[in-house]
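> Got a structure for you, written out below as C-alpha cells; questions coming shortly.
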Amino acid sequence: MTKNKVRIQNAVTYGMVILFWVVIQVMDKTGHLSSLFKGLLVPLCMYAILAVSLNLTVGILGELSLGHAGFMCLGAFSGAFLTNCLETAVPSVGLRFFMALILGALVAGVFGLLIGIPVLRLKGDYLAIVTLAFGEIIKNLINVLYVGRDSNGFHFSMKDTTSLGMDKETGVVLIKGAQGITGTPRAATFTIGILLLLLTLFIVLNLIHSRTGRAIMSIRDNRIAAESIGINITKYKLMAFSISAALAGMAGVLYAHSLSTLKASSDNFGYNKSILILVFVVLGGLGNMRGSIIAAMLLTALPELLRGLNDYRMLIYAIVLIVMTIFNSSPKAIELRSVVMSKLRGGAKKEVA
Amino acid sequence: MAADSKSVKMADGAVKSGGSAGQAAKAGTVPTLEVKNLSISFGGLKAVDGFNVVIEKGQLYGLIGPNGAGKTTVFNLLTGVYKPDTGVILLDGKNITGRKTIEINQEGIARTFQNIRLFKELSVLDNVKVGLHNHHKYSTLEGILRLPSFYKVEKEMNERAMELLSVFDLDKECDYKASNLPYGKQRKLEIARALATDPKLLLLDEPAAGMNPNETAELMETIRFVREKFNMTILLIEHDMKLVAGICERLTVLNFGQVLTQGETSEVLNDRRVITAYLGE
C-alpha cells in the first residue's frame, strides 16, 4: 500500500518537472516567452536543485544548515576553473561542462564531508551558526584567491596577480581574486537545468526511500533510539550532509556556466542566498521535495514577473511570502484546510448518494 | 568428552524449562549476562554501586526498586550510554564493558525506553525496518540506483518486518505513522523494533508504565510469548508488582544504587527489607 503511494507521489513530482519543461518549450516555440523570462529559466532550475538538496539536510536529516551557498560557491568555482583550464585540451564545450559538473559536485561533496566532521557534532541553533560561518569563510577565501597557469604549471596566491610570479609570455590568470573567473562558456541551458533537477530528484527521492534514507530519518526522529538499535549516527549524518553539499555544488556549476563573469561576491554566494534557499525549503515543507521545487520556482519567478509594478514588487513579494507561510504552516490554517477538504469530500459523497 | 557435552546439553534443557537456572550455572554453562561490581557516580553521587547480576539463557529477570534507585542507570550502563567507573559486563562470556552503544547492540543487547522513543514520523513498518538495518544490507549506491539487490533485500525486509509486526498484532497498522498509534501499541512497536535487531538479551524499561490493567495483562501475555517464541532472555524494570510477580522468575532489588537483595521472585517479594524499603507494609 504505502509502497505504491510513494511510487505515485514520486511519479507526480517527476511528472510536474517534465510538464513544466514541455510547457516552457511550447511557449518558447510559439513565441510567448519574454526575453526576461528566458533569462530566468536556468536560475529557476538552479534554485530548485538547491532547495531539494538543502531539504535533504534540513527536512530529512533534521539539521539546520545555513552554509548552503558556500557549497554552491565551491562547485561553481571548481567547475568554471576546470572548464577554462581544459579549453585547449578538450575542445568540446559540452564535454567540458559535463566534466565540470562532476568535479564541482565532487569538490563540494568532499568539503561537505570535511566540514561536516566538526560541524555535525553540534545541534540545532549552534549547528546553524557554525555552518553560516563556514559558508562565509569559503566565499571570502575564494574572493581573495588568485590562480594562474604558465608553462611551468599552476601558481597560487592570496595577494594579487603579480605575486603569482608567472612567466610573462605563457602566463594566463584563471581566477582573478574579487574579479573572479571570466570567459566561462555559457553552456547552461534550460534543458540541461531540467535534466540536472531530475537527476537531483532521482538521487534524493531514491535515497530517502531506501535503507540509508530510513537510517537518516531515524536519526532525525530519535537519535538515542537509533543508536540503541545499531545505527551508525556519524556515518549517516555525514553521508546526508555531503550528498546535500555535492548536489549544491552541481547547482553551482550550472550557475557558473550561465554567467560570463563569476564572482564570489556576497550577492552571489553570501549568507543571504543560504537563507533564501532555506526559505524555499521551509515554505515548501520540510521533507517535501515537490514543495521545495514549487516554492523555489514561484519565489524566484515572482519578483521578475512583477517587474512592471516596480515600486510595489518587493512589497507584494513579502506579502506573498507571509500568506504562503501562514497557509502552509499555521496550525489554524491546517485545521481549516482539513475541514474544508473533508466537507468537499463529504459533499461529493452525498451527491453520489 | 562425550560425557561433558551431554552435561552441557542437559544444562541447556534445564534452562529452557525455566526455574532451575541456578543449577544450570553450577553445571558450567555461560550465562547470557553476567555483571560484576558495576559502579558509576555522577559528581560524587554513587548512582550505581557494586551492582552484580547473573542472568541465564531464557530467563525472565526483574529489576525493581524505588524511584531514583538507579535502575535505568543500570540499563544505560549495560547499553553503553554511560561508561562504568568500575566493573565488568559479560554478554555470553564476552567482555563488552565500555563499548559503544551501537557495538553493544550488534553484540546482542536491545532495549526499550521508559519514555517511549519511536521514530515518530516513520511508518510502523519502517520503524521495524530500521531495526533490521544491520541484518539486511545493500549499499547506498545500490539503493539510489535501484539495482536488483535493492528489490531483493527490501522484499526480505518487508517480509521479516511483517512477521514481527504480526507477532505483536500490529500488522494491520503497518502503514500508520508511528506517532498515530495508541499508547499500548506504541510500547509493543518499541519491543518489536528492539527484537528486529535479533538480540540475545532484551531490556525492557517499565514496559507497563501508563497502561491500564487490561493492557498490562495483555502485555504480560506478550512478554511471555516473546520469551517462548524467540527463546529470548529478558531483563525488565517494572513498578507494577502484579506484572513482576506474574512473569519474573528472579528479581534483583536496587535501593540507593546498591543491591538490596536478589533471588527467586517469591522469596524476594516476601523479604522484610524489600517490604520496608520499597513495597510498604
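The values are calculated or read from the model by the stated rules, or taken from the named source; none is laboratory data. Note that this is a predicted model, so its numbers are computed, not measured. Methodologically, a virtual Cβ is constructed for each residue, glycine included, from the backbone with ideal geometry; neighbour enumeration extends over all protein chains shown. When the accessible area is computed, the model is the full protein with side chains, heavy atoms only, and any ligands, DNA or RNA have been set aside. Shrake-Rupley method; radii C 1.70, N 1.55, O 1.52, S 1.80 Å.
> List the residues of the range B:106-138 that lose 50 Å² or more of accessible area once all protein chains are present, compared with their chain alone (1.4 Å probe, heavy atoms only, no ligands or nucleic acids).
Residues shielded by partner chains are B:R117, B:F119, B:L122, B:V130, B:H133, B:Y138.
> Say R0 is 56 Å: what FRET efficiency, to the nearest 0.05, do B:K36 and A:Q9 get from their beta-carbon distance?
Efficiency, rounded to the nearest 0.05: 0.55.
> Taking the C-alpha atoms of the protein assembly as shown, how large are the radius of gyration and the largest Cα-Cα span, Dmax, in Å?
Just the Cα atoms of the protein assembly as shown yield Rg and Dmax of 30.4, 100 Å.
> A further question follows. If amide hydrogens are placed 1.01 Å from N in the peptide plane, which non-local residues have theirs closer than 5 Å to the one on B:R111?
The answer is B:L203.
> If I compute solvent accessible area with a 1.4 Å probe over the protein chains, what percent of it on chain A is carbon and sulfur?
Percent of accessible area from carbon and sulfur atoms in chain A: 66.
> Roll a 1.4 Å probe over the protein chains and send me the accessible area per residue for chain B in Å². Walk me through the numbers before you get to the answer.
Numbers: 12530 Å² over 281 residues.
Here the residues of chain B average 45 Å² of exposed surface.
> Could you give me the percent of Cα pairs per 20 Å distance bin for chain A, shortest bin first, beginning at zero and ending with the bin that holds the maximum distance?
That works out to 27, 55, 16, 2, 0, in percent per bin.
> Sticking with this structure for a sec: Please identify the trypsin sites (Lys or Arg not before Pro) of the range A:67-131 that satisfy two criteria: DSSP loop assignment and at most 14 other Cβ atoms within 10 Å. Which are they? Can you show the working numbers first?
Values: sites: A:R96, A:R121, A:K123; in loops: A:R121, A:K123.
Of the trypsin sites (Lys or Arg not before Pro), the ones in loops of the range A:67-131 whose Cβ has at most 14 other Cβ atoms within 10 Å are A:R121, A:K123.
> With a 1.4 Å probe on protein heavy atoms only, work out how much accessible surface A and B bury together, total over both chains, in Å² to the nearest 100.
Details: alone 18250 and 13900 Å², together 29360 Å².
That pair hides around 2800 Å² of surface in total.
> B:N214 label point, 7 Å along Cα→Cβ, cut-off 15 Å on backbone N: hits in the range B:231-258?
Nothing falls inside the zone, counting backbone N under 15 Å.
> Could you check the spin-label model distance between A:E87 and B:L45? Points 7 Å from the Cα along Cα→Cβ, value in nm.
Roughly 7.0 nm, to one decimal.
> Less than 11 Å Cβ to Cβ from A:A226, Lys/Arg counted +1 and Asp/Glu -1: what total charge do the surrounding residues give?
+4
> Still on this model: Quick one: check the C-alpha center-to-center distance for the range A:209-234 versus the range B:231-249, whole angstrom.
That distance is 29 Å.
> Do you know the relative contact order of chain A, to the nearest whole percent, from alpha carbon pairs under 8 angstrom that are 6+ apart? Write out the running numbers ahead of the final one.
On the way: 535 pairs, mean separation 106.5, N = 353.
About 30 percent, as a whole number.
> OK, next. Can you tell me the accessible area per residue over the range A:212-254, all protein chains present, probe 1.4 angstrom, in square angstrom? If you can, show how the numbers build up before the last one.
On the way: 870 Å² over 43 residues.
In whole numbers, the range A:212-254 has 20 Å² accessible per residue.
> Per residue of the range A:273-288, in order, report the coupling 6.51 cos²θ - 1.76 cosθ + 1.60 (Karplus, θ = phi - 60°) as ³J(HN,Hα) in whole Hz, putting x for Gly and Pro.
Along the range A:273-288, the couplings run 5, 4, 5, 4, 5, 4, 4, 4, 5, 5, 5, x, x, 5, x, 9 Hz.
> Sticking with this structure for a sec: Give the accessible surface of the range A:66-106 per residue, rounded to a whole number of Å², with probe radius 1.4 Å and ligands, DNA and RNA excluded. Display every interim value, and only then the final one.
On the way: 1430 Å² over 41 residues.
Heavy-atom accessible area per residue stands at 35 Å².
> Report, for the protein assembly as shown, the % of DSSP beta bridges that are antiparallel, rounded to 5. The partial results should precede the final answer.
Values: 33 of 49 bridges.
Antiparallel: roughly 65 percent of the beta bridges in the protein assembly as shown.
> Count charges around A:S338 for me, please; just the other residues with Cβ under 13 Å from its Cβ, Lys/Arg as +1, Asp/Glu as -1.
+3
> When the accessible area of the range B:178-259 is split by element with a 1.4 Å probe, what percent falls to carbon and sulfur?
50 percent
> Here is a follow-up. What is the set of long-range amide H partners of B:S41 at a cut-off below 5 Å, with H atoms built 1.01 Å from backbone N?
Excluding prolines and chain starts, which carry no amide H, the hits are B:A47, B:D85.
> Between A:D28 and A:L302, what FRET efficiency follows from the Cβ-Cβ distance if R0 is 22 Å, with the result rounded to 0.05?
Between A:D28 and A:L302 the formula returns 0.60.
> Net charge around A:Y236, counting only other residues with Cβ within less than 13 Å of its Cβ (Lys, Arg = +1; Asp, Glu = -1)? Present the calculation step by step, with values, prior to reporting the outcome.
Details: positive: A:R211, A:R214, A:R220, A:R223, A:K235, A:K237; negative: A:E63, A:D221, A:E227.
Combined, the nearby Lys, Arg, Asp and Glu give +3.
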